[in-house]
Every structure is written in C-alpha cells, then in structure tokens.
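Okay, so here's the structure we're looking at.
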Amino acid sequence: MLTESMQINSGHQSMIHDIKYDYYGDKLASCGSDGYINIYDVSKKQQVGQIKIRDSPLFSLSWSHPRFGNVLATSSYDGEISIFKEQKDWMKVASFQNEGSVNCVQFMPRELFLACGTSDGFVILLDNNKNWDVDYKWQAHESTIHGLCWNYDGSLLATCSADKLIKIWEFTNNNKPQLKYTIQQHLDVVKDVQFHPLENNILVSGGDDGKLRIHRLDDDVVEIQLIDFHMTIWRIAFNMLGNLLTINGEINGQSQIQTLKQEDNYQYSQIDCN
Amino acid sequence: MLLKTTQGNMSVWSNLKSQSNLLVSAVNDQWGAQLQFNSFNLGQKNTSTSIIGTISCKDAVTCLAWENFAQETYPMGLVAAGTSEGYVALYDANSAINQEEESCVSIIDQLYEGPVSAIEFNEFKPNLIALGGQDVLIADIIKDIQNPQVFGPGNPNLHEDSSITAVSWNKKILHILASASQNGLTGVWDLRNNKPIFSFQDSSAISNKKVSLLWNPEIPTQIAVAYDDERAPELQIWDLRNPQGPSIVFSQIHKSGINSLSWCPNDHSLLLTGGRDGQVVCWNYKTQSVVSQEQLDFEIADLKWSKRVTSVYSISSVDGQTSIRSLPCGKEGYAPKWLKPPVGSVYAFDQMAAFKENNSAIQVYSINKSDPDNIFENFNAYCSVDAEQNRIQFEIDKQHDQQYAQYWKLLNAVQKEDKKEYLATLGFSVKEITQQTENYTGKRHSKKDDQNKKKNQAPQRPAIDFATITDQDADSFFNDLTNQSISKQQQTNTSRNQDVEIFQSEQVSKNTNWNVGVEKIIKDNLIVGNYEGAIDCALKCGRSAEALLLAYSQSKEIFEQTMNTFLTTQTDYFLKNVLKHIVLKHPDEIAKNYELNAWKECAAMVLNSDNTGQFHKIMEQLGDRFIAERKDEFNALQCFILAMNGEKCIKILINHNKSLKELTETIKLLIVIQEYSLQESELFDRYFDSLILQFANYAIQHNQYLSAAYALNFSSPDCQRALELLDLLYRGNHKDRNIIQKIMEKPSFPFKHEQIKMGTVKQQSAQPVHAPNQPVSRPTRPAVNQNQEDHNVRQQIQQNYNQNTNANAAAINNPFGPNVAKTADEQVPPPSRRPVQKPNPPVKVAPPPNQTKKQEAQNLQGPPFPNEPFRQEQQQPLVAPPIQPPPKHHVAPPPPPPQQQQIQSIQQQQFQPPLPQQPFQQQQHKSQINQQQQWQQEQQQQQQQQQQLQNQQQSFNQRTQQNPIQENKQQTQQSKAIPPPPAPQRRGPPPPPPKK
C-alpha cells in the first residue's frame, strides 16, 4: 500500500525530531538537534527555507492554518517557543522563554492559539490576540509532557506525560481549561497522543510500555482497542481522514515504522507495507 | 530538582516495567538495619515516599541489588543485601511488600570474614550474582537457591590482598566480569575460561579508597572507573582496546573523592557521579561535557539512576537520608535521549514522510489509490458526462441493479417530459392499447393520438369545455368512455383479477319494443316533453347511454346531474373509484383509493386526465401511501421521483448509504433529482450535503481525490465543510491536483483571512538567520486586497456601464467581487478564540461554481460584449475551456453562443498583457474581436492536445452551458402549463443587493 517514492536530503547535521506538512501538503518542515528548521518544497524536491534559532535542539513544529499565511511555531530544549511567519523570508514574530525544555507545540485548529507542553509538566497557552502573551499556564502533569494534541474542533486538548497519565482538558468560551478526563491505562511513560482527525472523541496514545491504546471519550473513557507493539512508541500519526495510522517506535536502538488501517468502529489492524 | 525524600544510606531501583517507581533503601541506624520499599507517585504533591513494605535485617546492610528473577515464583524479583558480617541475604520483594512474615528466601553465608562490599546480578542470567569482599565470588542460585553454588572468577587473583570495592557484569557479553579493589586495580575476568584477561591500575591511586566501576552499556569494551581520591577525584573511561591509559578523563569538577557512579540506563551518553564534596555531576561522555552540576549540602554515599523512570535518580547521604531527584533539564545544550523523538512520520493526502534516527534523509512514501469494484472510476465517468440527460442515459446503459435501473428510467421520463415516455416507463404501451381497441371496435383511433403528439409534450388531453362542446367532441368523449372502460376492464381482469361487476353485465333491458314496459314510459315522457322523467327511467332500467344522450341534449346542468347520478350509483369498483374521478376531473381522488399494487395504472391515468397540474401532488400522495400503508420504499421512491419531490426522495435515499456502492448510486441519483426537484428544500440540501460529505470522505480515504471533488461540487453553498474540502482538494498537493485544477473553477478561500500580530521578542540573539530587515507591517486587511482594490474599481465602473441586471450577476459570480469581500468581512464573526464548535462558516462567500450557474444563466441574457473581459476574471482558473463538444460524448449539446464568447475572452486573457482600463473599453471592442479571432486560431491546436481534459471540464461546466437551453424549456413549459413543470431555480444563494 505504501511505496517509497523519494528521499529528501534533510540537510540536518544531527537527529531530526519532528517533521510536519503544511495545510495543503506543499511544504514539509523539519527540525532537529542542530537547532535548524528546514523547509522543503515537496513537488520541486528542494529546500526553500531555513531558520536557525540557537544551538539548542528543536523538538516540535506546528504549521498554522493557512488563513494566517505561512506561520510556523517551534519549541526547543532550552525552553524557547518561537513563532515565525513567511514574508519574503522567514521572520520571527514572537517568542517566549520557558524555564525548562518545551517538548511539544501545536496550534489550535484554525486559530493562532498555541499550546505548548514542558518538561516540568506545564502547559503554556500563547495567544495571537494578546500579542503572544501567555494566555494561561498551568501544571497539567507532575512530570515531563511528551505530547499534546487538539481535537478537530479545538474544544479539547489532550496531554500525555512521563507520569503515565493522559489528561484531557476542555475549553469552553472565556473559561480556563478544565480537566475533563484522566486516563491511567498506560503502565509507563506516555509519549504521544493523537485525536482522530474526524472524530472529536476518538483518541489514540502510545508510549514506553509499547502499547497502542485507542480510547473513546464519552461519559467515561472507554478503551476500545489495545495493540502491543513491544517497542517504545514515540510518535503516532493519522492520515488526513484517519483511515491510516502510523506508529513510530524504537526497539534496541532500531527505529520502526508500522502502519495500521481503520476497520469498523475505529478498530485498527496492521497492514503489510514498508 | 528534588522530588521526594525518604531514609537510607543506599538504595536500589526496581527493574519492573509495571512497578518502575519502586525503590528499596537500606536504613542502618542505632536500632538496627532495615530495608524499606518506597513507592512514590509524581502526580501527588506530598514530598515523601510511601513505605509499602519493610524487611528487618540482623546486621548492617553494606550493599544492595534488585533484579527480576523467576517471575512465576518471585513476581517482583529478588532483593539481595550484602551485610557487614560477610553473608548475603536474598529476599522475595513480593512477600515483603505484602507484609508476609518470612520474606527471606535464602542466606548465602560463609563468604567473607569482613563485610560484603559489592553485589550485582547478571542481567542476562540473573541466577548469577557477582560478589565483592575480600575477593571476587560468584554465586549461582539456579539449582538450589538455598544452597547456591559459589565459585571464584578464576586464577590468579589479580587483586591479591586488596579488598574489592566494586563488581560489574558486562552489559553485552554475559560471561565478562570486572572488579575493582582498594589498591586502584581494575581487573576483567572471563568466566567461561575462568581466568583474568585484563587489568589496569591507575598510577596515581592510593590504597584504602573506594573505586567505583561500571561497564559502558553500549560499548562492551569500555569501562568507567571513579576514584574516591581527594587528590585526584577523577572519572576515567578506559577502553580495553587501548590499555595504555584512560580514553577519557573527567576531572576538576569534584573537589573531593567520588564515591558513587551510575550510568544512565535511558540515555547511555550520560553518567552521574556523586562526591564527598556534595556535588552531583551529570556527564556526557560522548560530548565530553558536563550536562548538569548540582551542589548538595551533604556528603553523598550512593546514587543511582532509576532503571525505568527517565531523568530520575536517587541520592543517599552518608548520614542516612535518601532523596529522589530529577535531572534539571532545559538549561544546557545537551538534550537527553528520552526527550528526543528518534523517529516520526506525517501524512499529507496520498503521501507520508518519515524520518529515522540513523538516517539524515526523509523518506517519502506514496500511497496508492484503491478502487473497490471500480466504483470511483464509474463515478468519475458518470460525472464527466456533460448534461443531465446524458447522465441519465449513461446510467440506463450501465446500470446493472434492477432497482436503480427503474429509478433511472423514471428520471429519464421526467427529464424527457413526454407522456409516452412516462407511460412506457410505467409499463404501458400506447400503441399496444390502441391496437387492442381498434381490434375490438374496428375503428381507427390513432388520429387523436397524432394530435396529441403534434401538441408535443402535452401529456394530457385538452379540457372539455362543457358549455361549448361540439357534437364531434361529444361523440369522441363517449367513444373514449366506452373504450377506456373496456380496455381498462380487460386489464383489470387480467392483471388484477379483481372481482368487480362489469358495466355490460348489469341488468340492461334488452327490450326493443318501445311500446311496452319501461321503454313505453320513456317514450311517453319524451312525447310529453318530460325529459327528466325519461332520463330517470332510462337510468333506472340500465339504458345509461340513452339517459346520458338525453341529458346532453338538454342542458349542461342536467347532463352533469345525470352523469353524477350515473357514476355514483355504480357498484362497479372501477367505475365508481376511477372512471368517476376521471370524468369529474378529480384525479386526486383516484390516488386516495387506488389499489396500491397497481399504482402504475393510477399514475398513467392521472397523467392522462390531469388538467389541473396536480400530477406531482398525486404522485406524492401515492408515495406517501406506500410509506404509510406498506413501508414500501422502493415504490414510494418511484412515486416521489415522478412527483419530482427532492425532499421526499432524499428522505428515503438518506438511508441508502450502507455500503460505498449503495452510497455512490444514491449520490448519482440525487445529482439528477436535485436538478429536477420542484421545490427548494433546506432539508434536501442538508441531507444531500451529508451524503456528499460521506462519499467524499470515502473517496479521500481511497485517495480518489477527483471523485471527491466531483461530488463536493454538487454540495450546497452553505456547507462549510464541503467548501473547505473542495478548497483543500483544489489546492492540495496530491496526484489528482493537476486534473482538478484544469477542470474546475478555483474555489474561493473558504476561511476568513486574519493577520498575525507581533509579539515581544525578548531574546535579541534569537534572530532567524535570514530574518529580513524590514519590520512586520500590520495591514488591516489581508494582502490579497491590494489586488482586489484595483479590481473593485474596475468592477464598479463596469457596473455603472451596465446599469442593468448584469451588475447583480457579475457581483455574485465574481468570487473576489466587492460584495463578496464585504459580506465576508461583515458577516463572519471573528472566530472565538476557543470555540467549542467549529467556527461559523463564512456566509455564502462565492459559492462553488455549479451552484451559481443557474442564476448566472438567467441574468446572462445578451450581456454586452465589453463585459466579457471582466466576467472572465472569476473564471481564470479555466485553463482549457471547451469550445467544441468533446467527441466522446456525441450527445453533448453545443455550448450556447454567450458561453463561447466568454471562453474566447478567457483564452484571450490568458495570453494577453493586463487589460486596458475600463473607460476605454468600448473603443477597444473591435480590436478585441480581431485579436480574439487570432487567438482563437492559435488556441485550436492547443485545444486538441487537451481534448481529454476538456471532456471533464465540460462536465463541470455543463450546467452553465445547458442553462440557456433549460431556460428556453422553462419558458415554453410555463406557457403551456402542463406537467411536468420545469425544474425550478434552486441551489445558489439569492443575489446580494446591487452595489450602489
């Protein structure tokens, strides 16, 4: 089903930590330990932009919705959250300095409202409407936040942490985020959470315990599927409409990528590819 | 960062996956020795751990180890404690935690005279326990845990008389063991051959000091050694391949002796050392740098990384306090491994990109299309057909499913608006029935039929005007009456087998002698002029024809009365319920009572008799009856199709989405039904949109973006999600993008543009490499407006020039027109920052092309030529507009002239420098035409190359093209006021008020 089509020379000196396509899939941005963001034009197969922040590793990237133009947010190990906009070149629009490492950033869908998860367990919300001042900052977890994800309509934010918990925060207008669910299923560090791109109440998670869990958020959280991959699950990615799901893991220093496809009732089954 | 505190002057972490936050600490104080099982939850605010189990020990604990062993017997593993009295005690962690009385599993004694100073389980074979004391020993507990086998590592003894301070199993090769002694000597043993294979001694080391020792978990030839030496508190990394000296030396940080060393299990680059000076230092041996350095206010006796909790370690002080801490992170350059994703992937349309740690290239994968049962291929073919009638024909030819084939036949009849088509579809052949009638009566009836035909598409008879009826008409009326009743009766008998009395079988007087019986009374009445009496008698004796003839000769009133009496006194079901209503022109009454099984007869008759335009209403009633009485959706849907009631059709079809195949068939039907539906219906739009979205989702999931775009093009302009998807498909980077952009008009951007604000950039050093010098401008409007402004001016001039209804059409059709921009600005509320629901859809901003086309067509009557260049602006994305109908579809109607002009001007625009200013437009008119012709010739060649694309384009444009035709049709139909009425204007927003 998946066939290798081309390779992009990333141009990074060391590890890549995140890659993201923009809204229309034309541009691919990557960031890594060398502190660079490289931007490629996928059709032309060439690098079209580069941003250097500091020497600190960059962990996460997020493209904004195209109604704001080309806007990229990134976060670094040394705690800087930066927002760039492409004018003639990429220029920094705003930045925020956190005490410790910021491991994940994601724009709320359709908004310039950035959620960031830190190593000390805080979630920081930065708001364009407040000139990128901190809208809210709270201790969401007691330990490192490894991943966060907005749901499709931006009403829920899921965070996952080294404290083995997944928390889901609800956003209602003009109120501070409120904890709606806590998921305690994982036996170890939860490395990533992803909402289904079409279903506001389907959430997948994975982490060091090697288990991919699919949850349905109703009155309670119901675990609807569990697949054991016997490897550290680092990243989970849905395709555009959620019928494919890719698990990125590591076992004994070897990276592994496995793809699942959606069956009925949001059950996923492994497909043979790669 | 301090997390939790507890007691103990040494500790060891659990290696259990599920119990990674367990820590055993050894408390040696004046009350004796105790092992404490500490559990902690980082999620809780308390600063101390909770003790979940304790073990009392007789003697002071001098070293500790904890490993998983024989999971079935010891689910939480074994804790091994070396004591000051030279023996080792093995405890079952599980029974200790469960507070069972005896948790001690075994005592391995008679090992040393002095204390046991070092202990370590072999990770590969945890039954092997390495021990350090006066010398190195290995205890094997595999056979008998009570009486383990104890043996030495081999001869000769490298350490001689010096006491052992550390033992360490190689992390990669299970039979290699290293040991260190107080004299500063480090030895490496091969247990397979039972002999030492390597040793080194730090020349600067002095005796009677502790040496810590650990193998590199990654590189099996490297070993880290730390010295508790005040003069040279060094951390050295030796590589056995280079025995001359240490490969790496870390010094100058600790002020006093290093007495504890831990190699990070979660990031093998990191080593932690603790010293008598109270410093905790985290080293990165790969970069040979200090990652973190922390000064504590006590002498450190022991420290250990947690085996499974990343960034967490325990530190014990000499005076018996143990704390759990985490590595301060984020300050320095090196990011620990557990924060750095080594692998990841991301999707966009039909591709996925992925990176892996050991590869600096990003691998892009492409995902193939899938097309189960060729559903999407067929759907694309269907959509690329260019007009409704051709689509219907396409489906009639291709449709294999009987049920759907029937629907398509009905739609075909609806579309052809021809009575014969209707009757044929319903299963009646006019020719056949006429033939039968002729056979019976011996008279020809085809003439009348021809008349009907000449009146063309008038599927009904001329109404009989009772006041002015001619003899001839009256004659044919009765003939018809007779014929119909006969033919229908035959049908009834054969098809329905319904037991009704026949007209002729009533008691008709056979008397031909008019001088006796009732005939005489009738005659007498006629003689005296009492016609009413004669009529009554004639009716009563069954001479109905005579009665009606008489009545007809009198007055309209009497005739109607007689007819009424005649019809109501009938006992014959058919006469009473059908014929009566036909004659009395109450077709709706027929539908109320007609036998549902024979609804097609009913439909046909209503079609014949209808002169009040009620056909659709009656079909709707029939359909309703099917639902109400039978729950028969198949027949009901047929009725609703004939009724051209989109809403009722979709109420049934909305459930036809159980499979992709069914859903596709439904969408195909609805595309045509939508076109012919008589009423606008919000419900229809809503349902249809939801089906389209469902289909589009399926299509996108199969990477069939063209199919998705085709379907979405039929959605209503109110459906924000559809607009968004269409935009995404048009602009998105996928395999179908080129074709979609060539055959579709560019959809307007379905979101409100917004400007990003400048924040305060605090770090001056943090500038992007390529940061431009100019500051960020903060225009109040999106940048596109720059272009729009110019355009708006022209638009306005154009409107002034027109001063007719075109202004409206142009405004609404131009996606970048001023009105549209205005509505977008005004009506879209700024999305709330954290909307619970998705942001309000922008209000009908330039609806997708197909929905406006009818409107456009209506307003398009004879637009003055100078308008054209402006009209085309909205059509710019048309790359290869069709001029000739594509050869593939021979039935395609030629584009109407106005369209053609438009297309020419489009082509012209594409190859021309920017348009001249509007005020001079009239002067330009002629030259434009000339140029146009030139361009046209040039275009011909190009067009031929792009024939294939044109076909598809045409299908998208077909609405525009056929609209003028349809409008003609509408006009003729309206003038005739005959069923079925034309499809009304629907879909497409009302025109905004003209700009003043």
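Reported count of residues in the range A:124-152, each being within 14 Å of A:Phe107 (Cβ to Cβ) and either assigned to a strand (DSSP E or B) or among the acidic types (Asp, Glu) (or both), is 8.
Restricting to the range A:15-46, name every residue that is at the interface with chain B (Cβ under 7 Å from one of its Cβ atoms), of a type in the set (Gly, Ala, Ser) and assigned to a strand (DSSP E or B).
Taking the range A:15-46 and keeping what is at the interface with chain B (Cβ under 7 Å from one of its Cβ atoms), we get A:15-21, A:24-26, A:28, A:30, A:33, A:42-43.
Checking which are of a type in the set (Gly, Ala, Ser) leaves us with A:25, A:30, A:33, A:43.
Across the range A:15-46, the qualifying residue is only A:Ser30.
Of all residues in the range B:106-136, those satisfying the criterion of being in a strand (DSSP E or B) and under 19 Å from B:Leu214 (Cβ atoms) are B:Ala118, B:Ile119, B:Glu120, B:Phe121, B:Leu128, B:Ile129, B:Ala130, B:Leu131, B:Gly132, B:Val136. Taking the stated definitions as given, is B:Ile97 in contact with a helix residue (DSSP H, G or I) (Cβ under 7 Å, 6 or more places away or on another chain), at pLDDT below 90 and within 26 Å of A:Asp208 (Cβ to Cβ)? For B:Ile97, the condition - in contact with a helix residue (DSSP H, G or I) (Cβ under 7 Å, 6 or more places away or on another chain), at pLDDT below 90 and within 26 Å of A:Asp208 (Cβ to Cβ) - is not met. Hey, any hits in the range A:71-82 for a residue that's open to solvent by 10 Å² or more (accessible area, probe 1.4 Å), free of Cβ contacts under 8 Å to residues at least 60 places away in the same chain and more than 9 Å from chain B (Cβ to nearest Cβ)? Checking the range A:71-82: not a single residue is open to solvent by 10 Å² or more (accessible area, probe 1.4 Å), free of Cβ contacts under 8 Å to residues at least 60 places away in the same chain and more than 9 Å from chain B (Cβ to nearest Cβ). All of (1) surrounded by fewer than 22 Cβ atoms within 10 Å (Cβ to Cβ); (2) in a loop (DSSP other than H, G, I, E, B); (3) more than 7 Å from chain B (Cβ to nearest Cβ) hold for A:Lys88 with one exception: (3). Among the residues of the range A:1-22, those that are within 22 Å of A:Thr259 (Cα to Cα), open to solvent by 30 Å² or more (accessible area, probe 1.4 Å) and of a type outside the set (A, V, I, L, M) comprise A:Thr3, A:Glu4, A:Ser5, A:Gln7, A:Lys20. Applying a threshold of 8 Å to beta carbon distances and a minimum spacing of six or more residues, or different chains, the list of pairs starting in the range B:631-650 at a residue that is within 14 Å of B:Phe615 (Cα to Cα) and ending at one that is of a type in the set (Ser, Thr, Tyr) reads B:Gln638/B:Tyr407; B:Ile641/B:Tyr407; B:Leu642/B:Tyr422; B:Met644/B:Tyr676; B:Met644/B:Ser677; B:Asn645/B:Ser677. Residue pairs whose Cβ atoms lie under 6 Å apart, separated by 6 or more positions or on different chains, with the first residue in the range A:47-59 and within 10 Å of A:Cys31 (Cα to Cα) and within 8 Å of chain B (Cβ to nearest Cβ) and the second open to solvent by 40 Å² or more (accessible area, probe 1.4 Å) and not in a loop (DSSP other than H, G, I, E, B), are A:Lys52/A:Tyr36. The conditions of being open to solvent by less than 40 Å² (accessible area, probe 1.4 Å), at pLDDT 90 or above and closer than 25 Å to B:Pro265 by Cβ are not met by A:Leu203. Take B:Leu158 and decide whether it is under 24 Å from B:Ser199 (Cα atoms), under 55 Å from the mean Cα position of the chain (by Cα) and outside the structural domain of B:Ser39 (by TED's automatic domain parsing). For B:Leu158, the condition - under 24 Å from B:Ser199 (Cα atoms), under 55 Å from the mean Cα position of the chain (by Cα) and outside the structural domain of B:Ser39 (by TED's automatic domain parsing) - is not met.
Against the criterion of being more than 14 Å from the chain's Cα centre (by Cα) and among the β-branched types (Val, Ile, Thr), A:Val222 qualifies. The selection criterion, being of a type in the set (Gly, Ala, Ser), open to solvent by less than 40 Å² (accessible area, probe 1.4 Å), modelled with pLDDT of 90 or more and at negative phi, does not hold for B:Ser292. Taking the criterion of being over 18 Å from A:Arg67 (Cβ atoms), buried (at least 23 other Cβ atoms within 10 Å of the Cβ) and at pLDDT 90 or above, the residues of the range A:102-123 that qualify are A:Val102, A:Asn103, A:Cys104, A:Val105, A:Ala115, A:Cys116, A:Gly117, A:Thr118.
Listed residues B:Lys331, B:Lys369, B:Lys398; which is at pLDDT 85 or above, open to solvent by 10 Å² or more (accessible area, probe 1.4 Å) and basic (Lys, Arg)? Spell out the reasoning first.
Working: B:Lys331 fails: at pLDDT 85 or above; B:Lys398 fails: at pLDDT 85 or above.
Exactly one of B:Lys331, B:Lys369, B:Lys398 is at pLDDT 85 or above, open to solvent by 10 Å² or more (accessible area, probe 1.4 Å) and basic (Lys, Arg), namely B:Lys369.
Scan the range A:91-101 for residues that are of a type outside the set (Gly, Ala, Ser) and surrounded by 23 or more Cβ atoms within 10 Å (Cβ to Cβ) and the total you get is 2. Answer yes if at least one residue in the range B:306-313 is among the hydrophobic types (A, V, I, L, M, F, W, C) and at the interface with another protein chain (Cβ under 9 Å from one of its Cβ atoms), and no otherwise. Scanning the range B:306-313, I find at least one residue that is among the hydrophobic types (A, V, I, L, M, F, W, C) and at the interface with another protein chain (Cβ under 9 Å from one of its Cβ atoms), so the answer is yes.
Among the residues that make up the range B:176-188, is at least one of them surrounded by fewer than 16 Cβ atoms within 10 Å (Cβ to Cβ) and either in a loop (DSSP other than H, G, I, E, B) or not charged (D, E, K, R) (or both)? First the steps, then the outcome.
Start the filter on the range B:176-188 by keeping residues that are surrounded by fewer than 16 Cβ atoms within 10 Å (Cβ to Cβ), which leaves none.
No, the conditions are met nowhere in the range B:176-188.
Screening B:Cys63 with (1) open to solvent by 60 Å² or more (accessible area, probe 1.4 Å); (2) in a strand (DSSP E or B); (3) within 25 Å of B:Gln321 (Cβ to Cβ) gives one miss only, at (1).
Kindly establish whether B:Trp338 is away from chain A (no Cβ under 14 Å) and within 49 Å of the chain's Cα centre (by Cα). So that I can check it myself, show each step before the final result.
Numbers: away from chain A (no Cβ under 14 Å): no; within 49 Å of the chain's Cα centre (by Cα): yes.
In short, no.
Pairs linking a residue in the range A:175-192 that is facing chain B (nearest Cβ under 8 Å) to a residue that is open to solvent by 80 Å² or more (accessible area, probe 1.4 Å), with Cβ atoms under 7 Å and 6 or more positions apart or on different chains, are A:Leu187/B:Lys17; A:Asp188/B:Lys17.
In the range B:3-18, the residues that are assigned to a strand (DSSP E or B) form Cβ pairs under 7 Å with partners that are of a type in the set (D, E, K, R), at six or more places apart or across chains, as follows: B:Leu3/B:Arg325; B:Met10/B:Asp302; B:Ser11/B:Asp302; B:Ser11/B:Lys304; B:Val12/B:Lys304; B:Trp13/B:Lys304; B:Trp13/B:Lys307.
Taken over the range A:244-274, the residue count meeting the criterion of being more than 11 Å from chain B (Cβ to nearest Cβ), open to solvent by 20 Å² or more (accessible area, probe 1.4 Å) and assigned to a strand (DSSP E or B) is 2.
Residues checked against (1) out of contact with any Cys (no Cβ under 6 Å at 6 or more places or on another chain); (2) part of a strand (DSSP E or B); (3) over 28 Å from A:Tyr40 (Cβ atoms):
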residue	(1), (2), (3)
B:Val280	yes, yes, yes
B:Gln293	yes, yes, yes
B:Leu303	yes, yes, yes
B:Ser314	yes, yes, yes
B:Pro328	yes, no, yes
B:Ser370	yes, no, no
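Any residue at all in the range A:210-225 that is more than 12 Å from chain B (Cβ to nearest Cβ), of a type in the set (S, T, N, Q) and either open to solvent by 10 Å² or more (accessible area, probe 1.4 Å) or in contact with an Asp or Glu (Cβ under 9 Å, 6 or more places away or on another chain) (or both)? Quick ask: steps written out before the conclusion?
Initial filter on the range A:210-225 (more than 12 Å from chain B (Cβ to nearest Cβ)): A:212-225.
Applying the additional criterion that residues be of a type in the set (S, T, N, Q) yields A:225.
After this cut, where a residue has to be either open to solvent by 10 Å² or more (accessible area, probe 1.4 Å) or in contact with an Asp or Glu (Cβ under 9 Å, 6 or more places away or on another chain) (or both) as well, the list is A:225.
Yes, the range A:210-225 has at least one match.
The values are calculated or read from the model by the stated rules, or taken from the named source; none is laboratory data. Only a predicted model underlies this, so the values are computations on that prediction, with no experimental measurement involved. Counting neighbours? That spans all protein chains shown, and the Cβs are built from the backbone with ideal geometry, glycine included. For accessibility, only protein heavy atoms count, side chains too; no ligands or nucleic acids. Shrake-Rupley method; radii C 1.70, N 1.55, O 1.52, S 1.80 Å.
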